[in-house]
Amino acid sequence: MKIALPTNDRKEITKRTGRAKEFVIYTIDNSVITGIEYKKNEHDHDHEHNEEEEHTHKEIIDLLRGIDLLVVRAIGKHFKRDVEEAKIEYKKTKEEEIDNVIKEYL
């Protein structure tokens, strides 16, 4: 199982999923962590969106391809739409610490 979490400091799940500095991806097999990978978020939030331009998160969706679960603390309406369209399963958590979330899957 591959689980992705948005983070800015590699310790906590950031609340602004689409603006996360990076995503940590844990690979878990038979209740054992077999891999940890960090992928930089290349999505550009600094550019302006005009009314006719659609707000998408294509870069993040491409980065998350192949994961089994995305765990977030919050998800904005545009990001939620893109995740659902890409058929990426996600789960909200109130937990802030990445280690505590991952323990649930071990």
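The values are calculated or read from the model by the stated rules, or taken from the named source; none is laboratory data. All figures in this text were calculated on a predicted structure; none of them were measured in a lab. Neighbour counts run over all protein chains shown; Cβ positions are idealised from the backbone, glycine included.
Just checking, how many residues over the range 16-37 are surrounded by 16 or more Cβ atoms within 10 Å (Cβ to Cβ) and in a helix (DSSP H, G or I)?
Summing the residues that are surrounded by 16 or more Cβ atoms within 10 Å (Cβ to Cβ) and in a helix (DSSP H, G or I) in the range 16-37 gives 2.
Restricting attention to the range 1-15, and to residues there that are touching a residue at least 40 places away in the same chain (Cβ under 8 Å) and not in a strand (DSSP E or B), which single residue is farthest from ILE25 (Cα to Cα)? Steps first, answer last, please.
Start the filter on the range 1-15 by keeping residues that are touching a residue at least 40 places away in the same chain (Cβ under 8 Å), which leaves 1-7, 10-15.
Subsequent filtering for residues that are not in a strand (DSSP E or B) retains 1, 10-11, 14-15.
Numbers: MET1: 10, ARG10: 11, LYS11: 13, THR14: 14, LYS15: 17 Å.
It comes out as LYS15.
Of all residues in the range 13-30, count the ones that are at pLDDT 95 or above and either touching a helix residue (DSSP H, G or I) at 6+ places or on another chain (Cβ under 8 Å) or within 15 Å of LYS103 (Cβ to Cβ) (or both).
Qualifying residue count, the range 13-30: 5.
LYS91 - would you say it is surrounded by fewer than 16 Cβ atoms within 10 Å (Cβ to Cβ), modelled with pLDDT of 95 or more and assigned to a loop (DSSP other than H, G, I, E, B)?
Numbers: surrounded by fewer than 16 Cβ atoms within 10 Å (Cβ to Cβ): yes; modelled with pLDDT of 95 or more: yes; assigned to a loop (DSSP other than H, G, I, E, B): no.
Here the answer is no, as LYS91 does not meet what is asked.
Looking at the range 16-29, which of its residues are free of Cβ contacts under 8 Å to residues at least 40 places away in the same chain and polar (S, T, N, Q)?
Going through the range 16-29, the residues free of Cβ contacts under 8 Å to residues at least 40 places away in the same chain turn out to be 19-22, 27, 29.
Selection gives THR27 alone.
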